[in-house]
Amino acid sequence: MTTEQVSEEDPPHTATTSISVHGLTKYYGSVLAVDGLDLEVRSGELFGVLGPNGAGKSTMLEILVGLRERSSGTVEVLGSDPSNDRERLRRLVAVQPQQAELFPNLTVRETLRLWASFHENPEEPEAVIERVGLTASADHRVHKLSGGQERRLLVATALISRPELIVLDEPSTGLDPNARADLWDVLLAYRDRGGTALLSTHSMEEAESLCDRVAVVDSGKVVACGAPAELVTRHAPHDVVSFRRAGSPDIEAVRAIPGVEETELHGNRVLVHTSRAEEVTNELMSMTPAPQNLVRRTGGLDSVFRVLTGRTLDDEKDG
Amino acid sequence: MTGNSFRTLALANARELVRDRKTAFAAIVMPLFFLVLFLAVGHFVNRSSESDAIRMLLPTALFFMLGSMAFFGTVSPTVDLRQRRTLRLLSTTPLRKITFLLSLVPVRALVALGYVVLVVAFATAFDYVTLAGIPVLLVSAVSGVAFFLSLGFVLAAVLPSAEAANNTLSLVLILMAFLGGAILPLRSMPQGVRDVLGWLPPARLVDTFRHTIAGFPAQFPAWSSWLLMLGFAAVLTALATRVFSWDTDNR
């Protein structure tokens, strides 16, 4: 596995840094969940932590917001140590933990009024309801909401405090594509108003579409950090041509095509890595039988992750 | 704590209690079941006895009503909120533990007041309670509810799951009734045990109820019983605030 230090991306530790993490480790008994992790999140950016399940993303986020104690390392969030100054951070940082449920029998409006009452200068609940697209469901009880609506309400409870920083643990898990797009719009609008957002995800698409910068995390370590396009250019510049394995040309024949640098089997698809995608695609299409469901695209963060770790984002880390 | 967050959270807790069938049953219906049960037992005993068994059992019924409302209507829902990780979410806001715990009180106090009014109306209709005894009964009930709720807070703070809560609460309620002499009269116990139990809230609550409703001679001055129950309530609430955990996870 290639490990890249974050130093090349490190901004200086100034007021424009919202989160600064150095050498963070967390043990659960003898199990190492976070392994000397370094991270800097700049103020006003939408920062993604990308990694497979079990990579240590949730643990790291929970340490940052004071829900968990770290084993070692230094953490500074908006100038405070979450272990020592949680009171202050609870006023400045809004959190959406994974697997948190709201009061099931309150309505959307009642829930947001309740959350607004916890803060000194909250937003108007009605305005937030409108922004997250829950106006039609404002009088529905939480347990009657769909998964997507409940996720949006959770984000709304985070936004209502006018937080300087919002931390979201896999906010779009379980959402359909429309609900996910709506959620992204809400988060981008928050960022555009000057807010800083840190979110974890195992969705490469979410990281690429939403985040200004991304830290790729594996086995509790940051293995790469930067803007998505920059990471792709640096680590996975090759194009990928993929097609369905069944009813397609023989793999050995594909490997023999000039310009093919690597082939791999991924589920029921064949992935062909090349820097000459146009020529390779034409060659593939002229073969018999012709490749089924052929898709061609430039390298993405999934390729970055594969290059850096030798695994895919769909792989779950044991333990 | 801000007054606004307390008020809004108290209102939210009231809505949760009324709207959730399980909680509404535990906090509202089950205590009435105790009343009906004890009245039925008294009725059957009266058919074969000279004494007024309903009057003798009414204080015990009220004791069980208030205790079951406080325990089953408070502990299980709170533990359930912790298991659902709702409390974990609340812990990321500026809300304080004491505000959360105290916000559970108003709606439950209101329900308890309803029971007391019901029992007082019944007792007055049958001339069990005197006009002068009603204020004493009311203050005793308020003090008793404060004690029961504070003990409920401690249990809600330490019990790990709703299943554990349901299994434990029945035992705790019976233990409280036993310690208060509601099941076995204190006078049938050895003097040393009686002396110790006399310093505990359950015995004081049963004593004031029996005195005001059933006409038994008071073993303790009512004001001392109120102070003792409220003192225990304050200490237990402080203890609950200290040991209360928002989260099921080991941090």
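The values are calculated or read from the model by the stated rules, or taken from the named source; none is laboratory data. For clarity, every value in this text was computed on a predicted model and none was experimentally measured. Positions of Cβ are backbone-derived with ideal geometry, glycine not excepted, and every protein chain shown enters the neighbour counts. We work out accessible area using only protein heavy atoms, side chains counted, and drop any ligands, DNA or RNA first. Shrake-Rupley method; radii C 1.70, N 1.55, O 1.52, S 1.80 Å.
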Checklist outcome for this item: Note on A:Leu168: of the conditions (1) within 12 Å of another protein chain (Cβ to nearest Cβ); (2) within 27 Å of B:Thr23 (Cβ to Cβ); (3) open to solvent by less than 10 Å² (accessible area, probe 1.4 Å), unmet is (2)
Checklist entry - Where residues in the range A:215-245 are without any contact (Cβ under 8 Å) to a residue 60 or more places away in the chain and open to solvent by less than 10 Å² (accessible area, probe 1.4 Å), which of them is nearest to A:Gly36 (Cα to Cα)? => result A:Val241
Next on the checklist: For the list (1) more than 17 Å from the chain's Cα centre (by Cα); (2) within 23 Å of B:Val172 (Cβ to Cβ), I need the number of the one condition that B:Arg96 fails.
Outcome noted: (2)
Next on the checklist: Within the range B:20-28, does at least one residue satisfy the condition of being surrounded by 13 or more Cβ atoms within 10 Å (Cβ to Cβ), outside any helix (DSSP H, G or I) and facing chain A (nearest Cβ under 9 Å)?
Outcome noted: yes
Checklist entry - Counting only residues that are free of Cβ contacts under 8 Å to residues at least 12 places away in the same chain and within 11 Å of chain B (Cβ to nearest Cβ), how many does the range A:112-144 have? => result 2
Checklist outcome for this item: Here the residues within the range B:55-81 that are open to solvent by less than 40 Å² (accessible area, probe 1.4 Å) and more than 16 Å from B:Val116 (Cα to Cα) are B:Phe71, B:Phe72, B:Gly73, B:Thr74, B:Val75, B:Ser76, B:Pro77, B:Thr78, B:Val79, B:Leu81
Checklist entry - Looking at the range A:285-319, which of the residues that are over 17 Å from A:Leu265 (Cα atoms) and open to solvent by 70 Å² or more (accessible area, probe 1.4 Å) is modelled with the lowest pLDDT? => result A:Gly319
Checklist entry - In the set A:Arg109, A:Arg151, which member is open to solvent by 10 Å² or more (accessible area, probe 1.4 Å), assigned by TED's automatic domain parsing to the domain that holds A:Arg91 and within 17 Å of B:Leu89 (Cα to Cα)? => result A:Arg151
Checklist outcome for this item: The residue from B:Arg84, B:Arg88 that alone is modelled with pLDDT of 90 or more, within 11 Å of another protein chain (Cβ to nearest Cβ) and surrounded by fewer than 19 Cβ atoms within 10 Å (Cβ to Cβ) is B:Arg84
Item to check | Residue, most open to solvent (accessible area, probe 1.4 Å), within the range A:40-78, restricted to residues that are at positive phi and free of Cβ contacts under 8 Å to residues at least 60 places away in the same chain | outcome: A:Gly73
Checklist entry - Quick one: how many residues across the range A:47-59 are more than 15 Å from A:Met204 (Cα to Cα) and away from chain B (no Cβ under 14 Å)? => result 2
